[in-house]
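Notes to accompany the following structure.
The values are calculated or read from the model by the stated rules, or taken from the named source; none is laboratory data. None of these values were measured; they are calculated from a predicted model. Here Cβ is always computed from backbone atoms with ideal geometry, including for glycine, and neighbour counts include all displayed protein chains. Heavy atoms of the whole protein, side chains included, go into the accessibility calculation; ligands, DNA and RNA do not. Shrake-Rupley method; radii C 1.70, N 1.55, O 1.52, S 1.80 Å.
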Amino acid sequence: MNKYVKGCLTLIAVVITLLAIAIGWFFWSSSNRIKQAEIDGIAFSKECDSVKFITEQPEIQFAKFKKNEISVLKFQILREGKFIQDTLIKNGFKKDDGNEYKTIAIPYKSFLKTDTIVVTTQNKLHYYISGYSHYAYLHYGMTGYLGSHDCRFNNNPSVNNEVFSSAILLRQNGWINPEISKHIKKISATDSIEYYGFAKRCKIKIEDAERILKEKRKNQVFRTTTINGIEVGPENSYYLFGEETESGTLPDDLVPRNLKHYVVKINCETGEYKRYSNYPFDN
């Protein structure tokens, strides 16, 4: 019996030791893979940053335009301060599915990562698109980091000095005079740290601007209000708000066909209120 018990204990000890070794190896291997992923992430990012050309023909979207305003689009490449490769595209959007956003691909099969793509609409609004890049995508499996990667396209460029998660060209963000507008920066309300940090330094605080917006609106009943951000200019800065369809009396089935868009600007220092129904043209 003693030999039997001793044998069982020995077997249990061996199993426990093997399990401990396996668990220890697993955690050691995982720790090494995590460290290696951090090292490779830096190295591979530099490799992806070294890619000079954009060859993915990224898509851009137009929002809140009238059909005749974007029926013809002019594309240009701005390289080292000079415009090259003027290209006119007529009715080049993907099939219209009724979506508010109209999609078109940039018509250049290849351009430098340092280039700026300039788009001019039929109604003379200008959009400067830049900052396309590539990033290192590390490959992972069941056991963690596999030690390989590929360079993937990063489709979140800057459009008229504002970074978007994708290239969306909003009508109200178009530049009429790029030489003046390029000195104006927009802080998105979604960038909470910069947005609230800037607002804290203003004489008119966020709650003041929201109160002015509520007091000044033409009708007390309206559909929606959005907080778009802050426009920072060389002389004045403004809180930016959006409004849609002030009248709340339309039947529900008519609402989609009767939406009207407005932009409201409130001076960050004086509280001056400006409301535009055809922004930016009546600016």
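Some notes on this structure:
- Given (1) under 15 Å from residue 167 (Cβ atoms); (2) in a loop (DSSP other than H, G, I, E, B), number of the condition residue 122 does not satisfy: (1)
- Residues located in the range 121-165, provided they are β-branched (Val, Ile, Thr) and more than 19 Å from residue 183 (Cβ to Cβ): 121, 143
- Leading residue by the ranking (farthest from residue 163 (Cα to Cα)) among those in the range 227-241 that are open to solvent by less than 20 Å² (accessible area, probe 1.4 Å), touching a residue at least 40 places away in the same chain (Cβ under 8 Å) and of a type in the set (A, V, I, L, M, F, W, C): 240
- The condition (being over 18 Å from residue 53 (Cα atoms) and outside any strand (DSSP E or B)) is satisfied by just one residue among 109, 74, 94, 102: 94.
- Only a single item in (1) surrounded by fewer than 18 Cβ atoms within 10 Å (Cβ to Cβ); (2) in contact (Cβ under 8 Å) with a residue 24 or more places away in the chain; (3) not in a strand (DSSP E or B) is not met by residue 197, and it is number (2).
- The residues of the range 260-276 that are farther than 14 Å from residue 240 by Cβ and under 25 Å from the mean Cα position of the chain (by Cα) amount to a single one, 260.
Condition check ((1) surrounded by 14 or more Cβ atoms within 10 Å (Cβ to Cβ); (2) modelled with pLDDT of 95 or more) across all residues:
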{"residue": "65", "(1), (2)": "yes, no"}
{"residue": "74", "(1), (2)": "yes, yes"}
{"residue": "78", "(1), (2)": "yes, yes"}
{"residue": "90", "(1), (2)": "no, no"}
{"residue": "120", "(1), (2)": "yes, yes"}
{"residue": "132", "(1), (2)": "yes, no"}
{"residue": "138", "(1), (2)": "yes, no"}
{"residue": "149", "(1), (2)": "yes, no"}
{"residue": "155", "(1), (2)": "yes, no"}
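- Only one of the numbered conditions (1) farther than 26 Å from residue 122 by Cα; (2) open to solvent by 30 Å² or more (accessible area, probe 1.4 Å); (3) at pLDDT below 85 is not met by residue 163, and that is (1).
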